[in-house]
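A.B. asks: Below is the structure I would like to discuss, written out as structure tokens.
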Amino acid sequence: MTKKINTILFDLDGTLINTIDLIVASFLYTMEKYYPGEYKREDVVSFIGPPLAETFKNLDPLRMEEMMTTYRTFNHQYHDELVKEYEGVKETLEELSSQGYKMAIVTTKRRETAVKGLELMGLEHFFPVVISIDEVTKYKPDPQPLNMALEKLGSSSDEAIMIGDSEHDILGGINTGTKTAGVAWSVKGRDYLESYNPDVMLDNMMDLVEYLAKTNGVLEDS
């Protein structure tokens with residue numbers, strides 16, 4: 001018998017909070033400092049998803065730490081100015097919380113920055129569990145961070161769903177054994193994310209409430 005979903009794991013950036021302009025600006029500032037004139041917006045979009053260390057190590061292992069510091073200094077300075085909310089996210093979380101769903105954040109950000117974003121958007125009280133890059137030795141799409149979140153919530157993978165805006169989130173869910181949801185507002189594009197075969201694509205966050213109701217047999221398919 002298929003278990004009902006009672007646990008929701010969310011990616012943060014580009015999923016619950018709109019940090020895309022901040023992330024892109026931070027990458028462009030860093031790239032311009034180290035590789036003047038070589039990078040445009042479309043070039044740095046591919047950097048979104050993996051941890052900073054991986055991205056900068058691939059560019060230049062010797063200057064990785066220096067580039068990370070440059071990125072983070074800019075990112076923190078402009079964080080509150082450039083981070084925006086996504087329509088329907090807070091209302092959706094309020095509805096899911098009222099229905100008793102257990103929820104956690106699974107992100108490749110550092111804990112300090114993740115919490116900063118949650119607090120800025122007034123979302124921190126929905127998430128008793130935040131798994132950041134600081135708590136793990138492996139990261140999405142490896143199942144380690146998702147399994148850690150599930151363990152802390154007292155949940156199993158077959159009663160959970162992972163929601164995110166990148167292939168790392170979808171593959172992380174698949175590798176962990178959860179259901180998966182992609183968000184159509186992904187900076188990489190709906191079609192790109194859909195190619196990784198999530199169980200559902202959400203056109204807006206409120207779609208999640210209806211999907212869970214149908215999946216759990218509360219709402220009949222029309």
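The values are calculated or read from the model by the stated rules, or taken from the named source; none is laboratory data. Model, not experiment: these values are computed from the prediction. Quick reminder, even Gly has a Cβ in these numbers, built from the backbone with ideal geometry, and neighbours come from all protein chains shown.
A.B. asks: Quick check, is SER166 hydroxyl-bearing (Ser, Thr, Tyr), modelled with pLDDT under 95 and under 21 Å from LEU52 (Cα atoms)? Quick ask: steps written out before the conclusion?
C.D. replies: Numbers: hydroxyl-bearing (Ser, Thr, Tyr): yes; modelled with pLDDT under 95: yes; under 21 Å from LEU52 (Cα atoms): yes.
Here the answer is yes, as SER166 does meet what is asked.
A.B. asks: Then there's this: Just a yes or no: is a residue in segment 133-142 under 15 Å from the mean Cα position of the chain (by Cα), free of Cβ contacts under 8 Å to residues at least 24 places away in the same chain, more than 20 Å from VAL24 (Cβ to Cβ) and surrounded by fewer than 17 Cβ atoms within 10 Å (Cβ to Cβ)?
C.D. replies: Within segment 133-142 (the criterion being under 15 Å from the mean Cα position of the chain (by Cα), free of Cβ contacts under 8 Å to residues at least 24 places away in the same chain, more than 20 Å from VAL24 (Cβ to Cβ) and surrounded by fewer than 17 Cβ atoms within 10 Å (Cβ to Cβ)), the answer is no, since none of the residues qualifies.
A.B. asks: Mind listing whichever residues of segment 93-115 are basic (Lys, Arg) and surrounded by fewer than 17 Cβ atoms within 10 Å (Cβ to Cβ)? Steps first, answer last, please.
C.D. replies: Of segment 93-115, the ones basic (Lys, Arg) are 102, 109-111.
Answer for segment 93-115, where residues must be basic (Lys, Arg) and surrounded by fewer than 17 Cβ atoms within 10 Å (Cβ to Cβ): ARG110, ARG111.
A.B. asks: When only residues in segment 1-31 that are more than 10 Å from the chain's Cα centre (by Cα) and charged (D, E, K, R) count, which is nearest to SER46 (Cα to Cα)? I'd like the intermediate steps shown before the answer.
C.D. replies: Applying the first criterion (more than 10 Å from the chain's Cα centre (by Cα)) to segment 1-31 yields 1-8, 18-31.
If we keep only those that are charged (D, E, K, R) too, we end up with 3-4, 21.
On the way: LYS3: 36, LYS4: 35, ASP21: 14 Å.
Filtering segment 1-31 for residues that are more than 10 Å from the chain's Cα centre (by Cα) and charged (D, E, K, R), the one nearest to SER46 (Cα to Cα) comes out as ASP21.
A.B. asks: Here's something else I'd like to know. How many residues does segment 31-69 hold that are hydroxyl-bearing (Ser, Thr, Tyr), more than 20 Å from GLY117 (Cβ to Cβ) and in a helix (DSSP H, G or I)?
C.D. replies: Going through segment 31-69, the residues hydroxyl-bearing (Ser, Thr, Tyr) turn out to be 34-35, 39, 46, 55, 69.
Keeping just the survivors that are more than 20 Å from GLY117 (Cβ to Cβ) gives 34-35, 39, 46.
Then keep just the ones that are in a helix (DSSP H, G or I); that gives 34, 46.
Qualifying residue count for the region: 2.
A.B. asks: If you check SER157 against the conditions, is it under 16 Å from the mean Cα position of the chain (by Cα), surrounded by 15 or more Cβ atoms within 10 Å (Cβ to Cβ) and of a type in the set (Ser, Thr, Tyr)? Give the steps one after another, and end with the answer.
C.D. replies: On the way: under 16 Å from the mean Cα position of the chain (by Cα): no; surrounded by 15 or more Cβ atoms within 10 Å (Cβ to Cβ): yes; of a type in the set (Ser, Thr, Tyr): yes.
Taking the combined requirement at face value, the residue does not satisfy it.
A.B. asks: Which pairs have Cβ atoms under 7 Å, sit 6 or more apart or on different chains, and link a residue in segment 192-206 that is more than 7 Å from GLY182 (Cα to Cα) to one that is at pLDDT 95 or above and among the basic types (Lys, Arg)?
C.D. replies: ASP199/LYS179
A.B. asks: Let me ask something additional. Does LYS90 satisfy the criteria of being touching a helix residue (DSSP H, G or I) at 6+ places or on another chain (Cβ under 7 Å), charged (D, E, K, R) and outside any strand (DSSP E or B)?
C.D. replies: Working: touching a helix residue (DSSP H, G or I) at 6+ places or on another chain (Cβ under 7 Å): no; charged (D, E, K, R): yes; outside any strand (DSSP E or B): yes.
Taking the combined requirement at face value, the residue does not satisfy it.
A.B. asks: Based on this model, can you work out whether THR92 counts as at pLDDT below 95 and assigned by TED's automatic domain parsing to the domain that holds LEU118? Walk me through how you get there before you give the answer.
C.D. replies: Numbers: at pLDDT below 95: no; assigned by TED's automatic domain parsing to the domain that holds LEU118: yes.
So THR92 fails the test.
A.B. asks: Looking at the structure I just gave you, is MET1 under 30 Å from LEU150 (Cβ atoms), outside any helix (DSSP H, G or I), at pLDDT 95 or above and not charged (D, E, K, R)? First the steps, then the outcome.
C.D. replies: On the way: under 30 Å from LEU150 (Cβ atoms): yes; outside any helix (DSSP H, G or I): yes; at pLDDT 95 or above: no; not charged (D, E, K, R): yes.
So MET1 does not fit the description; no.
A.B. asks: Consider segment 55-90. How many of its residues are of a type in the set (Asp, Glu) and surrounded by 14 or more Cβ atoms within 10 Å (Cβ to Cβ)? Spell out the reasoning first.
C.D. replies: Step one: of segment 55-90, the residues of a type in the set (Asp, Glu) are 60, 65-66, 80-81, 85, 87.
Within this subset, residues satisfying the condition of being surrounded by 14 or more Cβ atoms within 10 Å (Cβ to Cβ) are 66, 85.
Selection size over segment 55-90: 2.
A.B. asks: Quick check on segment 56-64. Is at least one of its residues within 21 Å of the chain's Cα centre (by Cα), within 30 Å of ILE161 (Cβ to Cβ) and not basic (Lys, Arg)? Let's see the steps before the verdict.
C.D. replies: Residues of segment 56-64 that are within 21 Å of the chain's Cα centre (by Cα), as a first pass: 56.
Then keep just the ones that are within 30 Å of ILE161 (Cβ to Cβ); that gives none.
No, because not a single residue in segment 56-64 is within 21 Å of the chain's Cα centre (by Cα), within 30 Å of ILE161 (Cβ to Cβ) and not basic (Lys, Arg).
A.B. asks: Could I ask something else about it? Is it true that ASP169 is surrounded by 17 or more Cβ atoms within 10 Å (Cβ to Cβ), of a type outside the set (A, V, I, L, M), in the same structural domain as LEU93 (by TED's automatic domain parsing) and under 15 Å from the mean Cα position of the chain (by Cα)? So that I can check it myself, show each step before the final result.
C.D. replies: Working: surrounded by 17 or more Cβ atoms within 10 Å (Cβ to Cβ): yes; of a type outside the set (A, V, I, L, M): yes; in the same structural domain as LEU93 (by TED's automatic domain parsing): yes; under 15 Å from the mean Cα position of the chain (by Cα): yes.
Criteria met by ASP169.
A.B. asks: For residues that are of a type outside the set (Gly, Ala, Ser) and in contact with an Asp or Glu (Cβ under 8 Å, 6 or more places away or on another chain), scanning just segment 169-178, find the one that is nearest to ASP11 (Cα to Cα).
C.D. replies: So the residue we want is ASP169.
A.B. asks: Kindly establish whether ASN204 is surrounded by fewer than 20 Cβ atoms within 10 Å (Cβ to Cβ), closer than 20 Å to TYR86 by Cβ and not aliphatic (A, V, I, L, M). Step through it out loud before you land on a result.
C.D. replies: On the way: surrounded by fewer than 20 Cβ atoms within 10 Å (Cβ to Cβ): yes; closer than 20 Å to TYR86 by Cβ: yes; not aliphatic (A, V, I, L, M): yes.
Answer is yes for this residue.
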